[in-house]
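Only one structure is covered here, and it is reproduced in the block below.
The values are calculated or read from the model by the stated rules, or taken from the named source; none is laboratory data. Just so it is clear, the structure is predicted and the values come from calculations on it, not from any experiment. Counting neighbours? That spans all protein chains shown, and the Cβs are built from the backbone with ideal geometry, glycine included. Protein only, heavy atoms only, side chains kept; ligands, DNA and RNA dropped before computing areas. Shrake-Rupley method; radii C 1.70, N 1.55, O 1.52, S 1.80 Å.
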Amino acid sequence: MEIVFDGHNDVLLQVRRRPGAGAWFLRRGRKGHVDLARARAGGLRGGLFAVFVPGPERSLEELVVPTGDGYEIPPLAPVDPDHAWSEAVAMLAAAHRLARASDGRVEVVRDARALASALAGDRLAVVLHLEGAERLDGADGFDDRLELAYAAGLRSLGLVWSRPNAFGHGVPFRFPSSPDTGPGLTTAGRRLVRACNDLGVLVDLAHLNARGFRDVARISRAPLVASHSAAHALAPSSRNLTDDQLAAIAASGGLVGITFHVGDVRADGRRDPRTPLEAIAAHAVYVADRIGVDHVALGSDFDGATVPRSLRDAEGLPRLLGALGAAGFDAAALRAVARENWLRVLRETWHAGAS
Ligand code: ZN
């Protein structure tokens with residue numbers, strides 16, 4: 001079975017929301033997409049675990065407005081940074097508690113060596129990722145909170161989720177739509193990119209608008225990464241990457257984690273769980289043909305997205321890899337997509353900061 005390192009999940013949000021401080025994660029269950037048993041059964045050995053703090057909206061589905069040929073969600077207001085920070089602290093703490101309760105089966109990894117050894121040693125490697133940096137926006141700027149989050153193991157950060165904050169502007173959810181939906185990074189946002197480069201924290205472009213993407217591409221010294229996105233040419237969602245953006249990612253040595261969210265891989269944008277695995281494979285093929293297989297990876301969005309029913313959960317990953325094989329990826333390409341590209345990019349990003 002292919003070992004998988006995946007670019008995005010919302011497991012920690014489930015740990016925070018569901019009772020029992022994550023004890024359920026260590027037992028086999030059926031709820032959601034990931035628990036330890038199903039991760040192991042599907043070959044999932046590590047990934048970026050998002051620290052994501054939802055806004056005051058009750059549910060995004062309730063906000064969806066159908067349009068002639070798709071949908072839109074009206075722009076979401078910023079969230080209160082102090083509330084978001086205290087929630088983020090709770091989620092970071094929950095991740096460490098979960099690792100401690102796991103008897104060594106789950107490990108929060110902070111460097112490339114620990115990551116490689118976790119994967120080789122059959123432990124689930126948790127890379128802590130902040131999805132939306134507003135939580136770092138304290139009274140004196142972001143420096144203190146970033147330092148503390150780094151000390152707590154944070155190794156990846158998305159400047160925005162799909163709402164504005166002090167650092168930049170996330171794309172509103174809209175289909176069809178260009179990702180060019182507003183202004184670029186703020187001064188603080190540009191400074192945050194440099195601070196992440198200095199620390200060796202990955203800067204994630206998922207959810208960022210086109211001008212913000214361009215600003216990061218200009219400033220950042222690290223490989224460009226969109227952790228859970230797809231190809232705009234196949235599915236014109238505001239969240240997806242245009243051919244120009246794909247070219248910029250390739251030129252930097254970065255990668256695209258292909259999302260499993262059906263609404264972002266379908267040509268009609270519909271959130272239809274009957275979507276076949278081939279729809280995800282088609283995006284992997286497109287990106288590989290366009291910029292090379294070294295820049296294609298997985299970004300499931302497990303526990304944060306609607307995935308194809310035929311995938312069901314983490315245990316279904318071998319079926320997705322089968323679909324990739326059927327779409328033309330050979331054994332070496334499958335290894336690259338399943339884990340090696342992520343490991344290379346994380347190694348380069350983290351090392352650059354440490355040196
Ligand atoms: Zn996301």
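Points to keep in mind about this one:
- Selected residue (criterion: surrounded by the most Cβ atoms within 10 Å (Cβ to Cβ)) from residues of region 93-130 that are under 21 Å from the mean Cα position of the chain (by Cα) and assigned to a loop (DSSP other than H, G, I, E, B): Val109
- Scan of region 1-33 for residues that are within 16 Å of the ligand (Cβ to nearest atom) and within 17 Å of Ile258 (Cβ to Cβ), ordered by number: Asp6, Gly7, His8, Asn9, Asp10, His33
- Hey, Gly257 farther than 19 Å from Arg214 by Cα, within 16 Å of the ligand (Cβ to nearest atom) and in contact with a strand residue (DSSP E or B) (Cβ under 9 Å, 6 or more places away or on another chain) or not: no
- Cβ-Cβ under 6 Å pairs, at least 6 apart or on other chains, region 162-178 side without any contact (Cβ under 8 Å) to a residue 60 or more places away in the chain and small (Gly, Ala, Ser), far side surrounded by 23 or more Cβ atoms within 10 Å (Cβ to Cβ) and not in a loop (DSSP other than H, G, I, E, B): Gly168/Gly189; Gly168/Gly212
- Flag if Ala297 is more than 21 Å from Gly182 (Cβ to Cβ), away from the ligand (no atom under 16 Å from the Cβ) and either free of Cβ contacts under 8 Å to residues at least 24 places away in the same chain or not basic (Lys, Arg) (or both): no
- Residue list for region 130-159, restricted to those being under 13 Å from Val53 (Cβ atoms) and within 13 Å of the ligand (Cβ to nearest atom): Leu130, Glu131, Gly132, Gly158
- Restricting the first member to region 44-63 and to residues that are within 18 Å of Thr259 (Cβ to Cβ) and without any contact (Cβ under 8 Å) to a residue 24 or more places away in the chain, and the second to residues that are away from the ligand (no atom under 13 Å from the Cβ) and open to solvent by less than 10 Å² (accessible area, probe 1.4 Å), no beta-carbon pair is closer than 8 Å while six or more apart or on different chains.
- Selection over region 3-17 of residues that are touching a residue at least 12 places away in the same chain (Cβ under 8 Å) and either assigned to a helix (DSSP H, G or I) or farther than 18 Å from Arg155 by Cβ (or both) gives a count of 8.
- Subset of region 150-196 [open to solvent by 10 Å² or more (accessible area, probe 1.4 Å) and under 22 Å from Val89 (Cα atoms)]: Tyr150, Ala151, Ala152, Arg155, Trp161, Pro164, Asn165, Ala166, Ala188, Ala195
- Filtered by the rule that a residue be under 17 Å from Pro172 (Cα atoms) and away from the ligand (no atom under 12 Å from the Cβ), region 197-229 gives Asn209, Ala210, Arg211, Gly212, Phe213.
- Residues located in region 75-92, provided they are open to solvent by less than 70 Å² (accessible area, probe 1.4 Å), farther than 16 Å from His129 by Cα and not in a loop (DSSP other than H, G, I, E, B): Pro81
- Candidates Ala235, Ala247, Ala267 - the one that is within 25 Å of Ala332 (Cα to Cα) and not polar (S, T, N, Q): Ala247
- Considering (1) modelled with pLDDT under 95; (2) touching a Phe, Trp or Tyr at 6+ places or on another chain (Cβ under 7 Å), the lone condition that Arg16 does not fulfil carries the number (2).
- Residue within region 93-106 that is touching a strand residue (DSSP E or B) at 6+ places or on another chain (Cβ under 8 Å), closer than 29 Å to Gly153 by Cα, more than 16 Å from the ligand (Cβ to nearest atom) and among the charged types (D, E, K, R) present: yes
- Within region 6-63, restricting attention to residues that are aromatic (Phe, Trp, Tyr) and either touching a Ser or Thr at 6+ places or on another chain (Cβ under 6 Å) or open to solvent by 20 Å² or more (accessible area, probe 1.4 Å) (or both), the residue that is nearest to Arg174 (Cα to Cα) is Phe52.
- Matching entry among Gly269, Gly328, Gly292 (being open to solvent by 40 Å² or more (accessible area, probe 1.4 Å), touching a helix residue (DSSP H, G or I) at 6+ places or on another chain (Cβ under 7 Å), touching a residue at least 24 places away in the same chain (Cβ under 8 Å) and on the phi > 0 side of the Ramachandran plot): Gly328
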